[in-house]
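> Below is the structure I would like to discuss, written out as structure tokens.
The values are calculated or read from the model by the stated rules, or taken from the named source; none is laboratory data. No experiment lies behind these values; they were computed from the predicted model shown. Heads up, the Cβs are rebuilt from the backbone with ideal geometry, glycines too, and the neighbour counts pull from every protein chain shown. All accessible areas refer to the heavy atoms of the entire protein, side chains included, with ligands and DNA or RNA removed. Shrake-Rupley method; radii C 1.70, N 1.55, O 1.52, S 1.80 Å.
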Amino acid sequence: MTHEVLLTGFGVRTAFGTGADALREGVFDGSPAFTPITRFDPGPYRTNLAAASGTAVPLRDVLAEVAGAAAGMAGLHPGTEATVLVGTAGDFTALTDFWRAAASGDGAAPDPLDRAVETVPAWQAEALGEVLGVRGPRLAFTNACVASASAIAHGCQLIASGRAGIVICTGAYLVEEENLAKFGSGFALSRDGMVRPFCADRSGLLLGDGAAAVVLESAESARRRGARALGAVTGWGAASDAHHIARPHPDGTGLVTAARRALRRAGGPRIDYVNAHGTATKSNDPAETRGLHALFGADAPHVPVSSTKSTTGHLLEASGVVELVITLLALRDGVLPPTAGFTEPDPACDLDYVPNRPHKADIRRALSINAAFGGANTALILERA
Amino acid sequence: MIAATSGPEAAPPVAGFVESAFNPLVHQAVERCLRARPGDGSRTAMVLASTMGDAATLDLGSRRLVAGQVHNPLLFMQSTANAILGQLSRDFAITGPLLCLSTVADLAGELLATAELLLDDEELDRVVLVGVELAGTERTTAAYRNLRSPGPPATDQAVALVVDRNDPHPRPPSDAPATEHGTLRGLVELAARIQGTSP
């Protein structure tokens, strides 16, 4: 027997602020959140811009904030049996602080040493479970930009198979120096201060703060608790490209396989909107476009596709869960979030990318796709409640 | 089922991967399994588990950053364990899901539970599982002090298993005593059971 997977709560935080209204005012308005970085000196790096506001805060606090909001919306209480799955690579600011303290040899600075445990992804999952007060397994997913989407797919399968009744899936990334340096060294960062997915003049990505959590729940559990369904996750799939350690397959083959798996599970090919991975890198966008052509065939030009990374920045491990929440809002509000900063399309990118302005649309079923280093791809299908 | 271990002796280098033993160990352990038991890559998933991940790459990158040195793009490429799974997926034409996990518990139980979950999917026939942990670094040693974890192995080590849909369902060793294998102790014991050797 397969159990229906409902979404009964969410919490979200991006550079636009906390909660759904902040997303509506930023992402759905097509207003990029990129500003000069102030939480550390960006001088040594290839850009001084990111979608990050304010000073650095511990990742654990942001995870607790969004997961607490999701649990509150779903009406979960401490003591509830719930699995906690977190997409994270750990707290990179704690990592930098540790090695700065070690390099300075300052024995009077014990805090970075105490915070070394916060660099461990598994600890973030354990700590979040403790803060929420829920009982159940805790696990971190570390597979980069598909980490939180993988956590969601895993959670869905736990529920569908009857192994779990409630799963809290979350993910977080906060802009910091380690990844700014890494992405700079890989020449992946935008040169013009904008993220322009699918455009001819795109030059790369910018990083962004992002964290979100969703409460997934079997229909039986939701009914028993009297929880309201906000949406249903009806399809999920994952696949790899078997192509390159960092670049996607140029035909988006893994993405197509992941999406077909999700569609088969969801039972039917209809998709009204795609929230794309859309990193604005040279290799991702045409590969994703070709993959969507292969997936939708003759219908491809009629399926709206947007990349909300054009406003939020690239949220790395948090991408999947934040973009699922954005997709949920699109379904509930009947508004397609645009691809911001859109100029001239790349000739290799010839779909409807919802350029610059939001569209009203009566959408019932949407696909959110993500891809990562190693050729890992995920696909999630969300339906309106 | 088939199992293979890698370490403590150095594994052969893997082109494009530098500085850290993490990726060569993973590659060698998985390669040993897949060469011994080839299969249909389109019906194969891979799952990697590690409490700390590639601490050598992470710490080296951070120390260079703190020292004001230019970041090495190769360290960027291998900064996530996805990269070595991507290399293996290319080498063995594996197009199923790729997962990387971090848990404070013994890795064997989590990997086997994940394999069981993945094999619910009728499109998959087998799952390559790999547990990998590096010996403690200054940072991970500090971190382990605040973790309820068996701790790091005494030496860098990886253990791979291939679980086939038709295999008898493997169970993680229960109440495995603490050993020099740290978080890998259950996998080491399971691998020894499969290989008919002592851990």
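> For the range A:322-348 and the range B:114-134, what is the centre-to-centre distance using only Cα atoms, to the nearest Å?
Going from one Cα centre to the other spans 34 Å.
> Sort A:218-225, A:348-355, A:257-264, A:170-177 by the packing proxy (mean of other Cβ within 10 Å over each peptide's residues), most packed first.
A:170-177, A:257-264, A:348-355, A:218-225
> Determine the shape class of the range A:238-324: with a ≥ b ≥ c the square roots of the Cα gyration tensor eigenvalues, call it rounded for a/c under 1.5, and otherwise prolate if a/b is greater than b/c, oblate otherwise.
Cα axes put the range A:238-324 in the rounded bin.
> Placing +1 on the Cβ of each Lys and Arg and -1 on the Cβ of each Asp and Glu in the protein assembly as shown, which of A:ILE152, B:HIS27, A:ALA172 has its Cα farthest towards the positive end of the resulting dipole?
A:ILE152
> Might you tell me the accessible area per residue for chain A, computed with a 1.4 Å probe and given in Å²?
With the other protein chains kept in place, chain A gives 32 Å² per residue.
> Keeping all protein chains in place and using 1.4 angstrom, which order do A:ASP114, A:ASP272 fall into by accessible surface area, from largest down?
A:ASP114, A:ASP272
> Accessible area per residue for chain B in Å², computed with a 1.4 Å probe and the full protein assembly in place, what is it?
On a per-residue basis, 38 Å².
> Determine the percent antiparallel among the DSSP beta bridges restricted to chain B, to the nearest 5.
The antiparallel fraction comes to roughly 55 percent.
> Going by a 1.4 Å probe on protein heavy atoms, which residues of the range A:231-251 end up with at least 10 Å² less accessible surface in the whole assembly than in their chain alone?
When all protein chains are present, A:ALA238, A:ALA239, A:SER240, A:ALA242, A:HIS243, A:HIS244, A:ILE245, A:ALA246 each give up 10 Å² or more of accessible surface.
> What order do A:ARG265, B:ARG145 take when sorted by accessible area (1.4 Å probe), most exposed first?
The most accessible residue leads, giving B:ARG145, A:ARG265.
> Mind checking the mean number of beta-carbon atoms from other chains within 10 Å of the Cβ atoms in B:54-62?
4
> If one computes the Cα centroid of the range A:176-226 and of the range A:1-66, what distance in Å separates the two points?
So the separation of the two Cα centres works out to 9 Å.
> Dipole magnitude of the range B:16-111 about its Cα centre, charges +1 at Lys/Arg Cβ and -1 at Asp/Glu Cβ only, in debye to the nearest 20?
200
> On the full set of protein chains, 1.4 Å probe, figure out the accessible area of B:ILE2 and give it in Å² to the nearest 10.
30
> Helix B:55-66 sits at what angle to the longest principal axis of chain B, using alpha carbons and giving 0 to 90 degrees rounded to 10?
So the helix axis and the longest Cα principal axis differ by about 20 degrees.
> Under 5 Å between amide H atoms, partner at least 5 residues away or on a different chain: which partners does A:HIS359 have, H built in plane at 1.01 Å?
Counting only residues 5 or more places away or on other chains, the set is A:LEU336.
> Can I get the semi-axes of chain B's equivalent ellipsoid? Compute them from the C-alpha gyration tensor as square roots of 5 times the eigenvalues, in angstrom, largest first.
Working through the eigenvalues yields semi-axes of 27, 21, 14 Å.
> For the range A:22-181, what is the charge dipole size about the Cα centre, in debye to the nearest 20, if Lys and Arg each add +1 at the Cβ and Asp and Glu each add -1 at the Cβ?
Around 500 debye, computed over the range A:22-181.
> What are the semi-axes of the equivalent ellipsoid for the protein assembly as shown, taken as the square roots of 5 times the Cα gyration tensor eigenvalues, largest first, in whole Å?
33, 27, 24
> Okay, moving on. What figure, in Å² to the nearest 10, do you get for the accessible area of A:PHE373 with a 1.4 Å probe and non-protein molecules left out?
The accessible area comes out at roughly 40 Å².
> Related question: Please give me, ordered by residue number, the GluC sites (Glu not before Pro) of the range B:1-91 that lie in loop per DSSP and have at most 13 other Cβ atoms within 10 Å.
B:GLU9
> Can I ask one more? Is there a quick way to get the dipole size of chain A? I mean about its Cα centre, with the Cβ of Lys and Arg at +1 and of Asp and Glu at -1; what is the value in debye to the nearest 20?
1060
> Might you work out the accessible area of A:HIS244 for me, using a 1.4 Å probe with all protein chains in place, and round it to the nearest 10 Å²?
40
> Can you list the residues in the range A:253-267 whose accessible area drops by at least 10 Å² when all protein chains are present, compared with the chain alone? Use a 1.4 Å probe, heavy atoms only.
In the range A:253-267, residues shielded by partner chains: A:ARG261, A:ARG264, A:ARG265.
> Just by accessible area at a 1.4 angstrom probe, what is the order of A:HIS302, B:HIS181 from largest to smallest?
A:HIS302, B:HIS181
> Now, a different point. Considering only protein heavy atoms and a 1.4 Å probe, what is the carbon-and-sulfur percentage of the accessible area of the range A:169-250?
With neighbouring chains kept in place, the figure for the range A:169-250 is 52 percent.
> To continue, here is another question. Of A:GLY43, A:LEU95, A:GLY237, which is farthest towards the positive pole of chain A's charge dipole, taken about the Cα centre with +1 and -1 on the beta-carbons of Lys, Arg and Asp, Glu respectively?
Ranked along the dipole, the leading option is A:GLY237.
> What is the sum of charges, Lys and Arg at +1 and Asp and Glu at -1, for the other residues whose Cβ falls under 12 Å from the Cβ of B:LEU112?
That sum, taken over residues with Cβ under 12 Å, equals -3.
> Please give the peptides A:133-142, B:127-136, A:29-38 ranked by average Cβ packing (other Cβ atoms within 10 Å per residue), highest first, as a rough proxy for protection.
B:127-136, A:133-142, A:29-38
> Taking +1 at the Cβ of each Lys and Arg and -1 at the Cβ of each Asp and Glu, which of B:THR114, B:PRO170, B:ILE84 sits farthest along the dipole of chain B towards its positive end, judged by Cα position relative to the Cα centre?
B:ILE84
> Of all DSSP beta bridges in the protein assembly as shown, what percent run antiparallel (nearest 5)?
Antiparallel: roughly 65 percent of the beta bridges in the protein assembly as shown.
> Counting only protein heavy atoms and rolling a 1.4 Å probe, how much accessible area do A and B lose on contact, total for both sides, in Å² to 100?
About 4500 Å² of accessible surface is lost on pairing.
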